Amino acid sequence: MGSVLILGGGITGIQAAFNLSQLGIETTLVEREEELGGNLKNLGSTFPEGKQASDLIENKVKKIRSSQKATILTGAELSSITGESPNFKASLKTSKGTQEVESESIIVATGFKPFDPTSMKHYGFGQYEDVITALYLARMIKDGELVRSSNGKEPASVTFIQCIGSRDLRTHTYCSCFCCMYAVHLATVIKEKYPQCMLNILYMDIRTPFCAELNYEEARRRGVKFYRSKPARVRANEGNKHLTIQFEDTLDGELRFLNTELVVLSIGASPPDGTDSLASSLKIDCEESGFFKCEQSPVFTSVKGVFIAGSASGPKDISSCLAEGSAAAAQAAILLKE
Amino acid sequence: MDLRPELKDYYGTDNVYACYQCGTCTGGCPVHRYLPEYNVRQIVKDIIDGEIDLSDKSLWYCTTCYICYERCPQQVKPLYLVQAATNSAFKKGLAPESIKEMNRIVLKCGRNSEITSIAKKQRKTLGLPELKENVSEDYKKIAELTGLSKGL
């Protein structure tokens, strides 16, 4: 029986490798970073379920490692990929030199890259230390601390600005799908741990589908304040004592100047570096958004034996990534059986 | 009134529906800060809804600073929509009296303020040449073609 090559060791790739190893199919899981887990490994608890991200990753990785059929290659950069189903040949650069991997099919699970907000100058990112990304905040909370970079003290107030690098013609036109969910989740987690901390979320539309709607409700119940607005700008005041967010509250048309000690930019998702070149070597298409294009139904591409799963075809939440990781594994297994 | 059928003439497109009313325009508007009755976001919404009040004087408060134009995440060009509204208002004779008066003066003497006797005296003492009422033929033509003379 043939083998499957999985590109990307985030939660999607891990799920696919986990399922394929359960089926006894030979699998190679390739990750270019030194550690498995992708973007998920930066989170403490997940949204909307509130499970521990590390448990989600480690339990499955342990099972993959114990399987005789799976090989995990970390710190491995794909240098070329040739051939067609069922004879793909991939060449990988690792710390131990070049390694060749042959496979019958490929699962592309390259995920997303967090949006870099440097270009959004009016929000002061890179200019003021206390304007941080939600990813940075998530890492802080995971490490069990919440401090302002400017003075190392706990902030008295934290304000999230939504849709940074999402639904914006100058950056990405699409909705990144998960930012509302993580912002509501992080705000609730902070409120729980630091009840004195004032929490605000500045949003255009809150998109918390299905059970995440309950998290939204819970956040409001706990006193997180929601303002419907995309702010005009963020400025530092009184010798960096606090930041002032200038915005129009679109629900009552009032211009407001909200003082806050920490501004959190809820960044969206960009296609990861190298998506274009991988698409051309696999002869698959990309969407206008820059993410890989699925053909007709999820996980399928225009090329036989090449499947796409998770955020590689556009930003997705964790449970969708798990579902697509499993779906791609099933399709790859079906093809091997044919 | 419903400006949508005329939008292509004034705005170049009738596609204003990308606006999701986020308020970035109004939040950064230097006029709104001091004259809250001027709200760019609300003007865009009223145009989309086909309910813009062209007799509203606050439409004319825009200073054309272009902040809303620069920051709009959907590139709706709110400034141009405000101008579409004022252009249409002017043609319908709905412009404020002050705007109409300025245009009357330009059409009458070729300048945006009348030549006063004080100005004449001052120029004489300073040895500057005398000012003359002189409306250029080009300006008359522009006023006629654009409908400027009609809106008065």
Which of these, B:Ile105, B:Ile47, B:Ile115, has the largest mean-square fluctuation under a Gaussian network model of chain B (Cα springs below 10 Å)?
B:Ile115
Dipole of chain A, positive direction: furthest Cα of A:Cys211, A:Ile11, A:Leu23, with charges on the beta-carbon:
A:Cys211
Please report the antiparallel percentage of the DSSP beta bridges confined to the range A:114-269, to the nearest 5.
40 percent
Please check: in the Gaussian network model of chain A (C-alpha springs, under 10 Å), which one of A:Gly144, A:Gly24, A:Gly325 has the largest mean-square fluctuation.
A:Gly144
Cα long-axis angle, helix A:212-221 against chain A (0 to 90 degrees, to the nearest 10)
20 degrees
Fewest-first ranking of B:Tyr38, B:Tyr80, using other Cβ atoms within 10 Å as the exposure measure
B:Tyr80, B:Tyr38
Rounded to whole Å, sorted largest first: equivalent-ellipsoid semi-axes of the range A:128-263, Cα gyration tensor:
21, 19, 15
Pop out the Kirkwood hydrodynamic radius of chain B from its pairwise C-alpha distances, inverse of mean 1/r, in Å to one decimal.
17.4 Å
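Run through the range A:202-299 and list the GluC sites (Glu not before Pro) located in a DSSP loop whose Cβ has at most 12 other Cβ atoms within 10 Å. Can you show the working numbers first?
On the way: sites: A:Glu213, A:Glu217, A:Glu218, A:Glu238, A:Glu248, A:Glu254, A:Glu261, A:Glu287, A:Glu288, A:Glu295; in loops: A:Glu238, A:Glu261, A:Glu287, A:Glu288, A:Glu295.
When the GluC sites (Glu not before Pro) of the range A:202-299 are filtered for loop state and at most 12 Cβ neighbours within 10 Å, A:Glu238, A:Glu288 remain.
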Helix A:11-22 vs. chain A, principal-axis angle (Cα, 0 to 90°, nearest 10):
30 degrees
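Roughly how large, in nm² to one decimal, is the mean projection of the convex hull of the alpha-carbon atoms in chain A? Walk me through the numbers on the way to the answer.
On the way: hull surface 71.2 nm².
Its average projected convex-hull area is 17.8 nm².
Averaging over every viewing direction, what projected area does the convex hull of the Cα atoms of the range B:97-151 cover, in nm²? Could the numbers behind the result be given before it?
On the way: hull surface 17.1 nm².
The Cα convex hull of the range B:97-151, projected and averaged over all directions, gives 4.3 nm².
Share of antiparallel DSSP beta bridges in the protein assembly as shown, in percent to the nearest 5?
Numbers: 31 of 65 bridges.
Roughly 50 percent of the beta bridges in the protein assembly as shown run antiparallel, per DSSP.
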Lone Cys, chain B, Cβ cut-off 4.7 Å -> B:Cys19, B:Cys22, B:Cys29, B:Cys62, B:Cys65, B:Cys72, B:Cys109
For the range A:213-291, what is the convex hull volume of its Cα atoms per residue in Å³?
175 Å³
So for A:Leu23, A:Leu202, A:Leu43, fewest C-beta neighbours within 10 Å to most, what's the order?
A:Leu23, A:Leu43, A:Leu202
Among A:Gly75, A:Gly111, A:Gly305, which one shows the highest mean-square fluctuation when chain A is modelled as a Gaussian network with alpha-carbon springs under 10 Å?
A:Gly75
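As an exercise, identify the chymotrypsin sites (Phe, Trp or Tyr not before Pro) in the range A:62-147 lying in DSSP coil whose Cβ has no more than 14 other Cβ atoms within 10 Å.
Numbers: sites: A:Phe88, A:Phe112, A:Phe115, A:Tyr123, A:Phe125, A:Tyr128, A:Tyr136; in loops: A:Phe112, A:Phe115.
Here no loop site has a sparse enough neighbourhood.
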Filter A:Lys41/A:Lys63; B:Lys8/B:Lys141; A:Lys41/A:Lys316; A:Lys41/A:Lys69; A:Lys51/A:Lys93 down to the pairs with a C-alpha to C-alpha distance above 26 Å, please.
A:Lys51/A:Lys93
Could you point to the residue in B:Val31, B:Tyr17, B:Gln42 farthest towards the positive end of the range B:4-91's charge dipole, with +1 and -1 charges on the Cβ of Lys/Arg and Asp/Glu respectively?
B:Val31
Going from the fewest other Cβ atoms within 10 Å to the most, one would list A:Asp55, B:Asp138, B:Asp14 as B:Asp138, A:Asp55, B:Asp14
Compute the long axis of helix A:53-66 from its Cα atoms, compare it with the longest principal axis of the Cα atoms of chain A, and write down the angle in degrees, 0 to 90, nearest 10.
10 degrees
From the cross-link list A:Lys60/A:Lys193; B:Lys57/B:Lys77; A:Lys121/A:Lys153; B:Lys77/B:Lys100; A:Lys142/A:Lys283, which pairs have alpha carbons spaced over 31 Å apart?
A:Lys142/A:Lys283
Distance between Cα centroids, the range A:241-306 to the range A:316-338: provide it in whole Å.
23 Å
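Read-outs: derived from the displayed coordinates by stated rules, not from any lab. The shown structure was predicted, so the numbers you read here are calculated from the model rather than taken from an experiment. Virtual Cβ from ideal backbone geometry, glycine too; neighbours counted across all protein chains shown.
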